[in-house]
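Each value in this text was obtained by applying a stated rule to the coordinates, not by laboratory testing. Being a predicted model, the structure only gives us computed values, none of them experimental. So basically every Cβ, Gly included, is an ideal-geometry build from the backbone, and we count neighbours across all protein chains shown.
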Amino acid sequence: MTRLSRRLVLAASMLAIAAPAAAAPTIGQPAPNFQAVDADGRTRSLSEFKGKTVVLEWHNGGCPYVKKHYGAGAMQSLQKQATSDGAVWLTLISSAPGTQGYLAPAEAKSWKASNKAAATALLLDPEGDVGKAYDARTTPHMYIVDKTGRLAYMGGIDDKPSADPASLKGANNYVAAALADLKAGRKVATPVSKPYGCSVKYKG
């Protein structure tokens, strides 16, 4: 390798090191826009719901923590309450093919119907692009985007990090509380909490 070649390789390495990583989502800052195909085969985007409060829910149907919320009907009830108040609820599956929670479009549509999920749309993210843009780590991992397009909440669904359905009783549901604050025009009292659940099964 010539001296010039070595310098070019070194320069390229330095640029790679200096290249900034994608910024993590931040409360009060614009939420990352995205596109994803829903269970019905339609391409949906966050910008499509401009001017509305949007809830993002990371989902894995095989995760015991997710089953706790869906099996008891708690998640569906929260979805219905949110959408009846004018919010949009997007459930996202970032599980890669061959991993726990992955659903092909037809399977996703069937799951949504059989579980009576009341989300506005069930979005499929098998490459994990949307999940990684939001730094989604667990299922469930919850985010709320306010009407101005800024991130208003991110974290766990409640303060009971357990897979036991009995833990739903008396739990402080952070998502419900944040939605109530936004509806009332108040600042979200708890904008960040620690997410809990199964790890998102990203590709690779």
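Points worth noting:
- Relative contact order of the chain, pairs being alpha-carbon contacts under 8 Å that are 6 or more residues apart, as %: 26 percent
- Only one residue of Y65, A176, G51 has its Cα farthest out toward the positive end of the dipole of the chain, where Lys and Arg carry +1 and Asp and Glu -1 on Cβ, and that residue is G51.
- On Cα atoms only, tilt of 174-183 relative to the major axis of the chain in degrees: 80 degrees
- Rounded to the nearest whole Hz, the Karplus-based 3J(HN,Hα) values (6.51 cos²θ - 1.76 cosθ + 1.60, θ = phi - 60°) of region 146-156 follow the sequence 7, 5, 8, x, 9, 6, 10, 8, 7, x, x, with x at glycine and proline.
- Per-residue ellipticity at 222 nm computed for the chain from its helices equals -8500 deg cm²/dmol, with DSSP H segments shorter than 4 residues left out and the rest contributing -39,500 (n - 2.57).
- Cβ-Cβ distance of A104 and K183, R₀ of 35 Å, FRET efficiency by 1/(1 + (r/R0)^6): the value works out to about 0.45.
- One entry in (i) 188; (ii) 145; (iii) 121 is volume of the Cα convex hull per residue in Å³ calculated from the shown coordinates; its label is (ii).
- Members of K112/K201; K50/K183; K80/K183; K147/K201; K147/K169 lying beyond 24 Å, as alpha-carbon distances in this model show: K147/K201; K147/K169
- Here the dipole of the chain is about 360 debye; that uses its Cα centre as origin and unit charges on the Cβ of Lys and Arg (positive) and Asp and Glu (negative).
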